[in-house]
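Asks: Take a look at this one; I'll ask things after.
The values are calculated or read from the model by the stated rules, or taken from the named source; none is laboratory data. Keep in mind that what you see is a predicted model, and the values were worked out from it rather than measured. Neighbour counts are summed over all protein chains in view; Cβ atoms, including those assigned to glycine, are modelled from backbone coordinates with ideal geometry. Please note that ligands, DNA and RNA were not included when accessible areas were found on the heavy atoms of the full protein model with its side chains. Shrake-Rupley method; radii C 1.70, N 1.55, O 1.52, S 1.80 Å.
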Amino acid sequence: MAPRLDLDAVRGDFPCLNQEVHGHPLIYLDNAATTQKPQAVIDAVARYYERDNANVHRGIHALAERATAHYEEARARVARFLGAAEPAEIVFVRGTTEAINLVASSLGVTFHEGDEVVITEMEHHSNIVPWQLLRDRVGIRLRVLPMDDRGVLQLDRLDELLTDRTRLVSVVHGSNALGTLNPVAEIAAAAHAAGALVLVDGAQAAPHLPLDVRALGADFYCLSGHKVYGPMGIGCLYGRRALLEEMAPYQGGGEMIRRVTFEETTFAPPPARFEAGTPNVAGAVGLAAALDYLDGLGLERVAAHEAELLAYGLAQLDNLDGVRLIGTAPERLAILSLAVDNAHPHDIATILDRDGIAIRAGHHCAHPVMDHFGVPATARASLALYNTRAEIDRLIASIHHVMEVLGR
Amino acid sequence: MNDLRALYEDVILDHNREPRNFQHRPEGANHEAYGFNPLCGDEFKVLLQVEDGVVTDVGFEGVGCAIAVASTSLMTEAIKGKPVEEVEALFQSVHHLLTGEGEEAAPLGKLQVLAGVHEFPMRIKCATLGWHVMKAALEDEGETVCTE
Ligand SMILES: Cc1ncc(COP(=O)(O)O)c(C=O)c1O
């Protein structure tokens, strides 16, 4: 067993954590929305702009060469992180939302009226709406795998949803609203047996556990850089080479072509085919630095630390009267979605904020999840590698404060 | 802490716990509107009974945070029995109190308790929602009000 994380050192790596909010040391528990960035990421982005900035794949001058090299190294870095077979399977996009939209549009053109896409009841809107748009365009059928009252997918219902018309099963790896970790490998095996492809929304899972897209059986895997301690505006779509080869372009423009005349255009092979226009090179460089940072700590150690924090948090919450955990799946990320008696999540978030604690109040872009649990919103504390038990203690104390303020 | 107390005034907490004119449907309701804030999920429907230019009865339904519920509840209390022009002036005054825009067109009286919201920029929309829905109902805009 590797030694535990040195939390003091780790926290020192994140400049944004070192500040006071309303006179209290900041406790940042909104990591599912976005994580803070280690200095190594901030430096990598700054260094890129200070020394290497140039457009990629275009110039033959020294800077263009360096920028291109960094960009392609970043691609290889992401490929390694995900366990992809080769860097060409990594398409840089803005984030998970764009990755899913890319698949819905590029793979989606081969879908016909009556074809089916299976999603689940706990999807983020970004894995619902692109399929509804496709439905409205070509008449696919959207089918939804339900979850139970713990927020666990009802896998025994999967078989009845998989038909010879199922083209794709698109499922979230870790739920941002509930924390549930889904048995993606099992779902993928069933989907493949039915002749369907599998897309995995890894926005939440990627920062918290070691990944191997091939072991998972994911044909597509999506992540957002800003949730894995990297910059905003960069993310990736992993796609199996053979699939990307067959897919139509996403946007048209520079970078993605081989030869253009006014009559016709031959497209570049993947990944360039899907990266029209000047890419976010600094973002890719920052993302690679974030993955270096994460691997430097070791994702197993990160996962072990977060699991310990989660267990501690769950035990503390158990002793709190009037607080209900929304989503009680046994396999889960360190996300605590809470409903507090007689306290609306907004009011909770405001009071916590005055205690220096940042959480998220809202529907977490998952209206169907809120509907399932019959709540308009939840107060969500989402933990990351730099959070501590002491911070959870302060969260609990602050929830008492909420009850005191609102219960007068 | 003190600004928290100012936000969660006793009057506000009281109106949150026991909203006035809540789930009340005026017998002769002749104006209504629905509004929501897509960012947070708060939503209210406001029903008005307007007779000879006077709001003679009002009710609301929906869900929201303490600030949204209390502000809407206070709104119903404040406008009931008032001529439409006065209600509109009150709307202006509350808008001014919360956002600093416009001017105080009518004395606020008890509505002054909403002043604490001004210190919480992220919560101003919560306090204005019910008022916007009421105004839309008055003006029979028919469409859904959306504050975000
Ligand atoms: C599960 C899940 N999927 C998708 C997304 C969308 O990610 P992004 O906004 O970075 O595109 C999020 C972000 O909140 C998420 O939590």
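Asks: Within region B:14-60, count every residue that is crowded, with 19+ Cβ neighbours inside 10 Å and within 13 Å of chain A (Cβ to nearest Cβ).
Replies: Qualifying residue count for the region: 10.
Asks: Among (1) open to solvent by 10 Å² or more (accessible area, probe 1.4 Å); (2) in a loop (DSSP other than H, G, I, E, B), which single condition is residue A:353 missing?
Replies: So the condition that residue A:353 fails would be (2).
This table checks each residue for (1) open to solvent by 60 Å² or more (accessible area, probe 1.4 Å); (2) in contact with a Pro (Cβ under 9 Å, 6 or more places away or on another chain).
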residue	(1), (2)
A:232	yes, no
A:240	yes, no
A:246	yes, no
A:267	yes, yes
A:276	no, yes
A:288	no, no
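Asks: Which is assigned by TED's automatic domain parsing to the domain that holds residue A:183 and touching a His at 6+ places or on another chain (Cβ under 8 Å), of A:95, A:114, A:83?
Replies: A:95
Asks: For region A:77-98, check the following and say yes or no: at least one residue is open to solvent by less than 10 Å² (accessible area, probe 1.4 Å) and over 22 Å from the mean Cα position of the chain (by Cα).
Replies: Checking region A:77-98: not a single residue is open to solvent by less than 10 Å² (accessible area, probe 1.4 Å) and over 22 Å from the mean Cα position of the chain (by Cα).
Asks: Determine which member of the set A:67, A:74 is touching a residue at least 60 places away in the same chain (Cβ under 8 Å), assigned to a helix (DSSP H, G or I), away from the ligand (no atom under 16 Å from the Cβ) and farther than 30 Å from residue A:9 by Cβ.
Replies: Testing whether each residue is touching a residue at least 60 places away in the same chain (Cβ under 8 Å), assigned to a helix (DSSP H, G or I), away from the ligand (no atom under 16 Å from the Cβ) and farther than 30 Å from residue A:9 by Cβ leaves just A:67.
Asks: Given the options A:310, A:385, A:338, name the one that is more than 14 Å from every other protein chain (Cβ to nearest Cβ), part of a strand (DSSP E or B) and modelled with pLDDT of 95 or more.
Replies: Answer to the check: A:338.
Asks: Can I ask one more? Whether any residue in region A:85-95 is in contact with a Ser or Thr (Cβ under 7 Å, 6 or more places away or on another chain), within 16 Å of the ligand (Cβ to nearest atom) and closer than 16 Å to residue A:287 by Cβ is what I want to check.
Replies: The answer is yes, given that some residue of region A:85-95 is in contact with a Ser or Thr (Cβ under 7 Å, 6 or more places away or on another chain), within 16 Å of the ligand (Cβ to nearest atom) and closer than 16 Å to residue A:287 by Cβ.
Asks: Follow-up. Spot the failing condition for residue B:90; the list is (1) in a helix (DSSP H, G or I); (2) open to solvent by 60 Å² or more (accessible area, probe 1.4 Å), and only one is missed.
Replies: Checking residue B:90 against (1) in a helix (DSSP H, G or I); (2) open to solvent by 60 Å² or more (accessible area, probe 1.4 Å), the one that fails is (2).
Asks: Quick check on region A:42-53. Is at least one of its residues away from chain B (no Cβ under 14 Å), part of a helix (DSSP H, G or I) and within 16 Å of the ligand (Cβ to nearest atom)?
Replies: No, that holds for no residue.
Asks: So residue B:70 passes all but one of these: (1) open to solvent by 10 Å² or more (accessible area, probe 1.4 Å); (2) within 14 Å of chain A (Cβ to nearest Cβ). Which condition number does it fail?
Replies: Status for residue B:70: all satisfied but (1).
Asks: Please enumerate the residues belonging to region A:364-405 that are β-branched (Val, Ile, Thr) and either within 16 Å of the ligand (Cβ to nearest atom) or open to solvent by less than 10 Å² (accessible area, probe 1.4 Å) (or both).
Replies: Correct list: A:369, A:378, A:392, A:399, A:402, A:405.
Asks: Moving on to the next point. When region A:153-178 is examined, which residues are found to be in contact (Cβ under 8 Å) with a residue 24 or more places away in the chain and over 22 Å from residue A:223 (Cα atoms)?
Replies: A:155, A:158, A:159, A:161, A:162, A:163, A:164, A:165, A:166
Asks: Does any residue of region A:156-172 turn out to be within 16 Å of the ligand (Cβ to nearest atom), part of a loop (DSSP other than H, G, I, E, B) and within 23 Å of residue A:335 (Cα to Cα)?
Replies: no
Asks: Taking region A:99-129, which residues are out of contact with any Leu (no Cβ under 9 Å at 6 or more places or on another chain), open to solvent by 10 Å² or more (accessible area, probe 1.4 Å) and within 16 Å of the ligand (Cβ to nearest atom)?
Replies: Within region A:99-129, A:124, A:125, A:126, A:129 meet the criteria.
Asks: Do you know which residues across region A:26-52 are within 30 Å of residue A:379 (Cβ to Cβ) and either of a type in the set (Ser, Thr, Tyr) or open to solvent by 70 Å² or more (accessible area, probe 1.4 Å) (or both)?
Replies: Result: A:28, A:34, A:35, A:42.
Asks: For region A:334-363, how many residues meet the condition of being more than 12 Å from residue A:381 (Cβ to Cβ) and within 16 Å of the ligand (Cβ to nearest atom)?
Replies: Of the residues in region A:334-363, 2 are more than 12 Å from residue A:381 (Cβ to Cβ) and within 16 Å of the ligand (Cβ to nearest atom).
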